[in-house]
Amino acid sequence: MSRKSHSLTESRSAVIVKNLISLVLILYTFITIFLIGNAVLSSFKTKADLITNTMGFPKAFVLDNFRIVLGEDGFLRNLLNSAILVSLSIVFMIAFSSSVAYGISMFNFRGRDFIQTYFLIGLMFPIQLGILPLFVIMNKLKLTNNLLGLALVYAANMSFSVVVFSKFFHGFQRALLEAAVIDGASDLQVFSRIVLPISKPVIFTVGLINFVMVWNDFYMPLVFLTKSSLKTLTLGIYAYTADFLANWNKVFAGVTVALLPIIIIYFFFSEQIVSGLTSGSVKE
């Protein structure tokens, strides 16, 4: 076989593989959109309509499910708890992870490579693996049944954020930072007045990704928040599943409320998320 025919065969194989991957992704996207669309449509159905017309369009769009969920079942309190938890978690996550990444990226010190490897390894292990010792520590610190305590737990799970910030900081123009130091700026001033303003795309990306993670999380609030007054959105939806057949109209309404912020973020900020993950700053 000639070199030309061999390269042509490889090219055809690559095209076939690419088309198969595209087909799988299109199929997955279609199934996802169908399931999300059906959940949203079901939230506007009556209980009788759900039984007789499970997969179809509502016979009549009704808002009673949302009125019950938001007005009568304390779901607004769950929504507020989730909003508070997400806000605190993102603030702590960005503050801690950006500071750590800045130190790793900008300073040479003994153990630097180990710390970088430590955070890379942390990407492979979910925080749920350490739930038992973590719960014991939080309980001794009196931080269980506390939104602030759970926000600190989320902030401690910052391996991904540190890696993203580190990648971005490595591309900084060192001459700019050195000039600020020569002018008398301290390391803290350089970080807060120069580095963070330039890092807005990555801050935005890290914030959005962690927003989705915390907003959708069920396991950690289930473990650390046992008081009914502190339950988050996911726990509020879970409460309906105890008697799913009696409450499945409420389940779909609750799921739709929970999906709304995620859908808005996807449609309006997906490009910013991708650009923040792939961008670097001014190169030297």
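Only one of these is open to solvent by less than 20 Å² (accessible area, probe 1.4 Å) and at negative phi: Ser192, Ser186, Ser199. Name it.
Ser199
Could you check segment 53-149 for helices (runs of 4 or more DSSP H) lying wholly inside it with 3 or more residues that are aromatic (Phe, Trp, Tyr)?
Numbers: elements: 64-71, 75-106, 112-122, 131-140.
Helices (runs of 4 or more DSSP H) meeting the threshold: 75-106, 112-122.
Regarding Leu147, is this residue within 15 Å of Phe92 (Cβ to Cβ), at pLDDT 85 or above and aliphatic (A, V, I, L, M)? I'd like the intermediate steps shown before the answer.
On the way: within 15 Å of Phe92 (Cβ to Cβ): yes; at pLDDT 85 or above: yes; aliphatic (A, V, I, L, M): yes.
Taking the combined requirement at face value, the residue satisfies it.
From the list Leu260, Leu222, which residue is over 22 Å from Asn145 (Cβ atoms) and among the aliphatic types (A, V, I, L, M)? Walk me through it before giving the result.
On the way: Leu222 fails: over 22 Å from Asn145 (Cβ atoms).
The unique qualifying residue is Leu260.
Give all pairs with beta carbons closer than 9 Å in which a residue from segment 73-84 that is under 15 Å from Thr256 (Cβ atoms) meets a residue that is open to solvent by less than 40 Å² (accessible area, probe 1.4 Å) and outside any helix (DSSP H, G or I); count only pairs at least 6 apart in sequence or on separate chains.
Listed by first residue and then by second, the contacts come to Asn78/Thr232; Leu79/Thr232; Ser82/Thr232.
Among the listed residues Val164, Val181, Val251, Val212, which satisfies the condition of being touching a residue at least 12 places away in the same chain (Cβ under 8 Å) and surrounded by fewer than 18 Cβ atoms within 10 Å (Cβ to Cβ)?
On the way: Val164 fails: surrounded by fewer than 18 Cβ atoms within 10 Å (Cβ to Cβ); Val181 fails: touching a residue at least 12 places away in the same chain (Cβ under 8 Å); Val251 fails: surrounded by fewer than 18 Cβ atoms within 10 Å (Cβ to Cβ).
Result of the check over Val164, Val181, Val251, Val212: Val212.
If a residue must be open to solvent by 80 Å² or more (accessible area, probe 1.4 Å) and in a loop (DSSP other than H, G, I, E, B), how many such residues does segment 38-52 contain? Break it down stepwise before answering.
The first filter runs over segment 38-52 and keeps only residues open to solvent by 80 Å² or more (accessible area, probe 1.4 Å), leaving 47, 51-52.
Those left that are additionally in a loop (DSSP other than H, G, I, E, B): none.
Here the count works out to 0.
If Pro133 satisfies all but one of (1) surrounded by fewer than 16 Cβ atoms within 10 Å (Cβ to Cβ); (2) over 20 Å from the mean Cα position of the chain (by Cα); (3) closer than 26 Å to Ser192 by Cα, what's the number of the condition it fails?
So the condition that Pro133 fails would be (3).
Could you say which residue among Gln128, Gln116 is at pLDDT below 90 and either small (Gly, Ala, Ser) or within 30 Å of Asp187 (Cα to Cα) (or both)? I'd like the intermediate steps shown before the answer.
Details: Gln128 fails: either small (Gly, Ala, Ser) or within 30 Å of Asp187 (Cα to Cα) (or both).
Just one listed residue meets the conditions, Gln116.
Only residues that are assigned to a helix (DSSP H, G or I) and surrounded by fewer than 21 Cβ atoms within 10 Å (Cβ to Cβ): list them for segment 221-233, please. First the steps, then the outcome.
Start the filter on segment 221-233 by keeping residues that are assigned to a helix (DSSP H, G or I), which leaves 221-224, 228-230, 233.
Answer for segment 221-233, where residues must be assigned to a helix (DSSP H, G or I) and surrounded by fewer than 21 Cβ atoms within 10 Å (Cβ to Cβ): Leu222, Val223, Ser228, Ser229, Leu230.
The values are calculated or read from the model by the stated rules, or taken from the named source; none is laboratory data. Not measured: the values here are computed from a predicted model. FYI the Cβ positions are ideal-geometry reconstructions off the backbone, even for glycines, and counts take in every protein chain you see. Keep in mind that these areas ignore ligands, DNA and RNA; they rest on the heavy atoms of the full protein, side chains included. Shrake-Rupley method; radii C 1.70, N 1.55, O 1.52, S 1.80 Å.
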